[in-house]
Every structure is written in structure tokens, then in C-alpha cells.
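S.K.: Input: one structure, supplied below.
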Amino acid sequence: MRVYVPLTLPGLAAAHQAGELGPAPLRAYAVTPGLREWYVSEDLEELEYAALGRAAAASLRLLAEDPDAPRRRVVVAVDVADRAATAVPALDEATLGQVALADAVRLAVAAAVHLDADDAEADVAAAARALPAADGGDEGAGRTVDAAEDHELLWFGVQEIPGLLK
């Protein structure tokens, strides 16, 4: 099963230094029954893209909690055994597709790192600031958050992590 772990750049740096994503339990996103029902697709590639999007939204929430982190969303894609991930009941859109990993995961086995391009930073920064108001129902703030989600995350190999952290 492919899971998507939301991080920030400081979180990625810590994982790189430790050699693993953790500590457990680790929050990630994956194609869960709830995500399948919400997205209404049978195409696994589309569903995995939706799970990646949920993880990117979770990364934005991490950025909102850490004002010192560079304003770029980070998601690490990892393949784990199906039994390693337990679906979390979806209480709202933020928890849709969420899974818990019972153990830390070695970073060396990650499939990819997804990261915002430099040109997304202003929109991501604005979205992180607007998130509380958007959660409260402010439509203008919601559009600001959506503007960040319009940016596609770039794909990088795990071996490129040192260069991403500079």
C-alpha cells in the first residue's frame, strides 16, 4: 500500500538526519474505503493522487502550526505492507483518507518526496495564515487555501533530499 506522510521542510530534515519517518504512531494518508467513497473513482492512480492531496492539505496544517518553517508543503510517499496501516475514521474532510502507521518507516525505502516549487511559497504562506478563518467558514479564506492547493507538488527521488534541504 502506498501511503503519503505529510511533513514540513524541518520535519524532512529531522527524518533525513534520523534515517526514518517517525516516531510511531505516524500519521499518513492512503486510499481508504472512505476516500474511495468521497472521490467516487475506481482508478487507483486518481485515488492515490487524491490521497496525496489530502497529505498536502495536512502538510499545510503543519505549516500553520509552525510559523518558522519555510512555506513549502512536503509529502513523502512510502510503500508499506497493508497490515502496517490502520484506517482512521474520517471525522471531517481533514481526516479523510488518514491512516496510522504502527511503526516508524526507514526513509531509505521511501518511493518519492513531493514538494512545492519556489513559486508556490507566497500562496502557501497566505493559505497557512488563512486556514483558521477557512475552517471557520470564511469563503474568502477558503479561496486563499484553494489557491495553494492549485499548485502541483514536484516529484523528487529520496537521494535528492540533501539538495532539497539547502
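Derivation of every value follows stated rules applied to the coordinates shown; laboratory data play no part. Predicted, not measured: the structure shown is a model, and the values here were computed from it. Cβ sites come from the backbone with ideal geometry, for glycine too, and all protein chains shown count toward neighbours.
S.K.: May I ask you to evaluate 6.51 cos²θ - 1.76 cosθ + 1.60, the Karplus curve with θ = phi - 60°, for each residue of the stretch 62-78 and list the ³J(HN,Hα) values in order in whole Hz, giving x for glycine and proline?
M.R.: The phi angles translate into 5, 5, 5, 7, 10, x, 8, 6, x, 7, 9, 6, 10, 9, 9, 8, 9 Hz.
S.K.: Work out how much length Ala18 to Asp119 would gain on full extension: take 0.36 nm times their residue separation and subtract the Cα-Cα distance, in nm to one decimal.
M.R.: In short, 33.4 nm is gained.
S.K.: Separate question: Show me the GluC sites (Glu not before Pro) within the stretch 64-166 that DSSP assigns to loop and that have at most 14 other Cβ atoms within 10 Å of their Cβ.
M.R.: Passing both the DSSP loop test and the Cβ count: Glu152.
S.K.: Quick query: amide H of Gly97 versus all other amide H atoms, modeled in the peptide plane; which residues come in under 5 Å with a sequence gap of 5 or more or a different chain?
M.R.: Leu35
S.K.: Follow-up. With a ≥ b ≥ c the root eigenvalues of the C-alpha gyration tensor of the chain, is it rounded (a/c under 1.5), prolate (a/b larger than b/c) or oblate?
M.R.: It comes out oblate by the Cα gyration axes.
S.K.: Find which of Pro132, Gly19, Val113 sits farthest along the positive direction of the dipole of the stretch 2-158, computed with +1 on the beta-carbon of Lys and Arg, -1 on that of Asp and Glu, about the Cα centre.
M.R.: Of the options given, the answer is Gly19.
S.K.: What net charge is computed for the residues neighbouring Arg71, neighbours being all others with C-beta under 12 Å from the C-beta of Arg71, Lys and Arg scored +1, Asp and Glu -1?
M.R.: Taking every other residue near Arg71 into account, the sum is -4.
S.K.: Still on this model: Under a Cβ-only charge scheme (Lys and Arg +1, Asp and Glu -1), can you give me the dipole magnitude of the stretch 2-158 about the Cα centre, in debye to the nearest 20?
M.R.: Dipole size: approximately 600 debye.
S.K.: If you don't mind, another one. HN-Hα J couplings of the stretch 137-153 from phi, Karplus 6.51/-1.76/1.60, θ = phi - 60°, integer Hz, Gly and Pro as x?
M.R.: x, 5, 5, x, 5, x, 5, 5, 5, 4, 4, 5, 5, 6, 7, 6, 6
S.K.: Moving on to the next point. Quick check: net charge around Pro6, other residues with Cβ under 10 Å of its Cβ, Lys/Arg +1 and Asp/Glu -1?
M.R.: +4
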